[in-house]
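What follows is a set of notes on a single structure, which appears directly below.
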Amino acid sequence: MSAYSGSTSGKSVWGSGSNSSVLPLTSSGGGSSSRGVGKGYEEQSLRLLESQNDDSVERLHSKIASLKHISVQIHDDVSSQNRYVKRLLDDMSASMDSLANRVKGSLNRLKVVLATPHNRHMVYMIAGALLFFFILILWSRSGPSPDT
């Protein structure tokens, strides 16, 4: 005997065996009972979709909260680095101003030394000696040539 009886009288299309977990199928002329099953299925589907949407919204909310936390941390870190760099640049500016004043003072003293002929001669001798030693150091570092 086949499982499908081919009946269209509103009875179950399944054979003589009954299974309580399987909903009986009715023909298209079954009336309100088929609409009730369809409506229940639609409501259950809508509840399932709504539940899935709620879960998705919760996951999205947690990801947005994480991104907000990360962006706040980045902002705090950048602000801290900006304060450090500003302090560093202020210190460097003060050091450069101090160095510029020292160089100006040294140049003024050098002008005074070069103003007298005797001191000028001594400065030229010291500069020549320094140049000689600099050339001697460069020559000794170059080493012997590979040809010899």
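Every number in this text was worked out from the coordinates using simple rules, so none of it is lab data. Since the structure is predicted, the reported quantities are computational estimates derived from the model, not experimental observations. Here the Cβ is made from the backbone with ideal geometry for all residues, glycine too, and neighbour counts use every protein chain on show.
Distance between the 7 Å Cα→Cβ label points at GLU50 and VAL103: 7.8 nm.
Evaluated at q = 0.19 Å⁻¹, the base-10 log of the normalised Debye intensity for the range 36-123, with identical point scatterers placed on the Cα atoms, takes the values -0.94.
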